[in-house]
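*Asks:* Below you'll find the structure I mean.
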Amino acid sequence: MTQRTNGLTYSDAGVDIDAGNRLVDRIKPHIRATRRSGADGEIGGFGGLFDLRAAGFEDPVLVAANDGVGTKLKIAIESGVHDTVGIDLVAMCVNDLLVQGAEPLFFLDYLATGKLEVDQGEAIVAGIASGCIDAGCALIGGETAEMPGMYSGEDYDLAGFAVGAAERGTLLPSGDIGAGDVLLGLASSGIHSNGFSLVRRIVETAGLSWDAPAPFDADKPLAEALLTPTRIYVRPVLQAIRETGAIKGLVHITGGGFPENIPRVLPDGVAAELDLGAVSAPPVFGWLARTGGVENAEMLRTFNCGIGMIAIVSEENAPEVRQALAAAGEAVVTLGRLVAQNDGERVLYKGALAL
């Protein structure tokens, strides 16, 4: 008869409660740094609190978004660089709130891993806190799940959840978008957080290691260059919205690139005509296209190609909005305009990408 083993603990099963408690203690200063009006509580409760009235809202409509970082995480895991993917996590959520005209208010994160490493966890949460500070939202809670058997090796995954608000009647897109409106493109910081399954395949094909000099930026290791975090557009774009009152719509260029994202805010009978010659694509995109033999059409539907956000404005107001965005620190180009189009493609191209 087999003797029964007694005295098993949760730690024996691969879950270290003490490590989780140490992580909570380590991340408290990072979380406190994200406090803003409406959110000043401590973590540790069963739910996070936010006071809309204290944040200055009178008749708000809440807007929620959630997202992840995708396989960009594999580069962080394999290279051991974990301090920027948290910024990506926040950016992908709050930029989606922004296109609705909403101010991000608070953020919650979910970190799942096979084995919790406290230093790694702190680096990830520090990045999340940094992104929250940039976006002006409070990190009011989250969850860390240690799940041995579900995740192998050093793998982990991230999910983020953001809530914002706008006063009733101010949500975007507005109802007067139409032919003749101008598209202003805001520069991206690089690849952002989409298309990394293709990026990793191209790196593998090229036979490069993550610590090799980046072929498109010799001053940085490849991993660091590819992990450049997603740009957070919240503060400058909200400032331009409030100063000018002239932005009719916004488009966050994420997975699906131009052809999938721009039509999401267009009314029927209207298409976007883009001047690709106006786009100054960062060198990483040219390297990806050449090394992977990726056609321009595939680049445009996979990556942002240098434009991370698009603002739709009337031709009359375009100079004022462009000036306001530039004054707030954005690199802005006149990307194209809206044209009447009752059938066919919703996104039309002139010129070619300089890759």
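The values are calculated or read from the model by the stated rules, or taken from the named source; none is laboratory data. Not measured: the values here are computed from a predicted model. In this analysis, Cβ positions are derived from the backbone assuming ideal geometry, glycine residues included, and neighbour counts consider all displayed protein chains. Remember, those area values only see protein heavy atoms, side chains included, never the ligands or the DNA or RNA. Shrake-Rupley method; radii C 1.70, N 1.55, O 1.52, S 1.80 Å.
*Asks:* Among rounded, prolate and oblate, which fits the range 140-290 when a ≥ b ≥ c are the square roots of the eigenvalues of its C-alpha gyration tensor, a/c under 1.5 means rounded, and a/b larger than b/c means prolate? The partial results should precede the final answer.
*Replies:* On the way: a/c = 2.26, a/b = 1.42, b/c = 1.59.
In terms of gyration-tensor shape, oblate.
*Asks:* Something else: Tally up the carbon and sulfur contribution to the accessible surface of the range 215-295 as a whole percent, 1.4 Å probe, everything protein left in place.
*Replies:* Numbers: 1370 of 3220 Å².
On the range 215-295, the fraction of accessible area on carbon and sulfur atoms equals 43 percent.
*Asks:* Which ³J(HN,Hα) values in Hz, rounded to whole numbers, follow from the phi angles of the range 110-117 under the Karplus curve 6.51 cos²θ - 1.76 cosθ + 1.60, where θ = phi - 60° and Gly and Pro get x?
*Replies:* 9, 10, 10, 8, x, 9, 6, 9
*Asks:* Restricting the count to DSSP beta bridges whose residues both fall in the range 1-148, what percent are antiparallel, rounded to a multiple of 5? Write down the numbers at each step before the final one.
*Replies:* Working: 1 of 9 bridges.
The answer is about 10 percent antiparallel.
*Asks:* Further, regarding this structure: May I ask what percent, to the nearest 5, of DSSP beta bridges between residues of the range 61-173 are antiparallel?
*Replies:* That works out to approximately 65 percent antiparallel.
*Asks:* Taking every eigenvalue of the Cα gyration tensor of the range 203-326, multiplying by 5 and rooting it, what semi-axes result, largest first, whole Å?
*Replies:* Values: eigenvalues 202, 65, 26 Å².
Working through the eigenvalues yields semi-axes of 32, 18, 11 Å.
*Asks:* To the nearest µm²/s, what D does Stokes-Einstein give for the range 312-355 at 37 °C and 0.692 mPa s, using the Kirkwood radius over alpha carbon pairs as Rh?
*Replies:* Details: Rh = 12.8 Å.
Stokes-Einstein gives a translational diffusion coefficient of 256 µm²/s.
*Asks:* Next question, about the same structure. So how much accessible area does residue 219 have, in Å² to the nearest 10, using a 1.4 Å probe?
*Replies:* We get 150 Å² for residue 219.
*Asks:* So with the 1.4 Å probe, I'd like the accessible area per residue for the range 215-355, rounded to whole Å². Before the final figure, lay out the partial values.
*Replies:* Numbers: 6110 Å² over 141 residues.
With the other protein chains kept in place, the range 215-355 gives 43 Å² per residue.
*Asks:* What percentages, rounded to whole numbers, describe P(r) for the chain computed over all alpha carbon pairs with 20 Å bin width beginning at zero?
*Replies:* Binned Cα distances yield the sequence 28, 53, 16, 2, 0.
*Asks:* Enumerate the calculated ³J(HN,Hα) couplings along the range 136-153 in order (Karplus 6.51 cos²θ - 1.76 cosθ + 1.60, θ = phi - 60°), each rounded to whole Hz, writing x wherever the residue is Gly or Pro.
*Replies:* Karplus-based 3J(HN,Hα) across the range 136-153 equals x, 10, 9, 8, 9, x, x, 8, 10, 10, 9, 10, x, x, 8, 10, 9, x Hz.
*Asks:* Separate question: From the C-alpha gyration tensor of the range 73-219, pull out the three semi-axes of the equivalent ellipsoid (sqrt of 5λ each), sorted largest to smallest, in whole Å. Walk me through the intermediate numbers first.
*Replies:* Numbers: eigenvalues 197, 107, 32 Å².
Rounded to whole Å, the semi-axes are 31, 23, 13.
*Asks:* Show me, for the range 308-316, the HN-Hα J-couplings you get by feeding each phi into the Karplus relation (A = 6.51, B = -1.76, C = 1.60, θ = phi - 60°), rounded to Hz, glycine and proline as x.
*Replies:* x, 8, 10, 10, 9, 9, 5, 4, 5
*Asks:* Another one. Can you give the convex hull volume of the alpha carbon atoms of the range 1-157 per residue, in Å³? Present the calculation step by step, with values, prior to reporting the outcome.
*Replies:* Values: hull volume 21.2 nm³, N = 157.
Each residue corresponds to 135 Å³ of Cα convex hull volume.
*Asks:* When the accessible area of the range 1-140 is computed with all protein chains present and a 1.4 Å probe, what percentage of it is carbon and sulfur?
*Replies:* Ligands and nucleic acids excluded, carbon and sulfur reach 50 percent.
*Asks:* Sticking with this one: Could you please report the charge total around residue 206, scoring K, R as +1 and D, E as -1 over all other residues with beta-carbon less than 12 angstrom from its beta-carbon? Don't jump to the answer; show the numbers that get you there.
*Replies:* Values: positive: 200, 201, 290; negative: 204.
Once all neighbours under 12 Å are counted, the net charge is +2.
*Asks:* Oh, and also: Determine the relative contact order of the chain: mean sequence separation of Cα pairs under 8 Å and six or more apart, normalised by residue count, in whole percent. Write down the numbers at each step before the final one.
*Replies:* Values: 743 pairs, mean separation 74.6, N = 355.
Computed value for the chain: 21 percent relative contact order.
*Asks:* To two decimal places, what compactness ratio does the range 11-95 give when its Cα radius of gyration is scaled by 2.2 N^0.38 Å?
*Replies:* 1.41
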